[in-house]
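The values are calculated or read from the model by the stated rules, or taken from the named source; none is laboratory data. Note that the coordinates shown come from a computational prediction; the quantities given were computed from them, not determined experimentally. Positions of Cβ are generated from backbone atoms using ideal geometry, with glycine treated the same way; all protein chains shown enter the neighbour counts.
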């Protein structure tokens, strides 16, 4: 969104410090002007804010047009890669497992603590890696072949649960998703409800998820359950906003 220049430059520095072959770095600005980018980052400015999924789709289109990319890594602009072996570990993971389609990172705050909403498996143990059914928007890598097969992120979602929709389609086509606790993005501790559209979008997009991915006979039950949970304040699944 153009209001985190220092954080963005620090993130670019942490990407440039990675071991091995350098990554192609693209910084997407939605309706704002980008500052000068250090370390060879390419700026792509869109005329308007297309939301999280729309922005990701635009970034993927740019990478396709410029060719030669096998894996897309998406990072929040106020995050930081504290390790220099992150890209090497990612390359090794995708090389070792041909049907691994998506890798989700562990997001940790300034004190090294991961919020429960940032742990995408039922156990809730942030330091336990393994297969999952969704991934975090703030830090994840997707094999380009997966995007080619399952299609774009759902632009109509704008913000919240676009990862869960994409993950469901990837799983349906036989791709695996791993949560890797050893791949860390340091990110300031925040509350999801800080966004004014949080409650509206999470509720609306959960209904859309149910209608898109559940058998028709189960949709009314799922929608009732989701609305009830939201009303009781017990909602656990949230989206991560890219700004």
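Residues of the stretch 134-162 that are surrounded by fewer than 17 Cβ atoms within 10 Å (Cβ to Cβ) and in contact with a helix residue (DSSP H, G or I) (Cβ under 6 Å, 6 or more places away or on another chain): 152, 155.
For the stretch 47-80, residues that are closer than 21 Å to residue 35 by Cβ and under 15 Å from the mean Cα position of the chain (by Cα) total 10.
Apart from one condition, residue 132 fits all of (1) at pLDDT 90 or above; (2) more than 25 Å from residue 147 (Cα to Cα); the exception is (2). There is at least one residue in the stretch 63-72 that is farther than 27 Å from residue 157 by Cβ and either surrounded by fewer than 14 Cβ atoms within 10 Å (Cβ to Cβ) or touching a helix residue (DSSP H, G or I) at 6+ places or on another chain (Cβ under 9 Å) (or both). Once the stretch 128-163 is narrowed to residues that are assigned to a helix (DSSP H, G or I) and under 10 Å from the mean Cα position of the chain (by Cα), the residue that is farthest from residue 86 (Cα to Cα) is 162.
Set side by side, the residues 77, 165, 111 differ, and just one is modelled with pLDDT under 95, surrounded by 14 or more Cβ atoms within 10 Å (Cβ to Cβ) and farther than 22 Å from residue 23 by Cα, which is 165. Pairing each residue of the stretch 1-26 that is on the phi > 0 side of the Ramachandran plot and surrounded by fewer than 18 Cβ atoms within 10 Å (Cβ to Cβ) with any residue that is modelled with pLDDT of 95 or more and assigned to a loop (DSSP other than H, G, I, E, B), provided the two are 6+ apart or on different chains, yields C-beta distances under 9 Å for 20/85. Among the criteria (1) in a loop (DSSP other than H, G, I, E, B); (2) more than 26 Å from residue 29 (Cβ to Cβ); (3) modelled with pLDDT of 95 or more; (4) in contact with a helix residue (DSSP H, G or I) (Cβ under 9 Å, 6 or more places away or on another chain), the one residue 98 does not fulfil is (4). Is the stretch 33-47 home to any residue that is outside any loop (DSSP other than H, G, I, E, B) and touching a residue at least 24 places away in the same chain (Cβ under 8 Å)? No, the stretch 33-47 has no match at all. Residue by residue through the stretch 4-24, note down the ones that are assigned to a loop (DSSP other than H, G, I, E, B), under 20 Å from the mean Cα position of the chain (by Cα) and over 20 Å from residue 136 (Cβ atoms). Of everything in the stretch 4-24, just one residue is assigned to a loop (DSSP other than H, G, I, E, B), under 20 Å from the mean Cα position of the chain (by Cα) and over 20 Å from residue 136 (Cβ atoms), namely 24.
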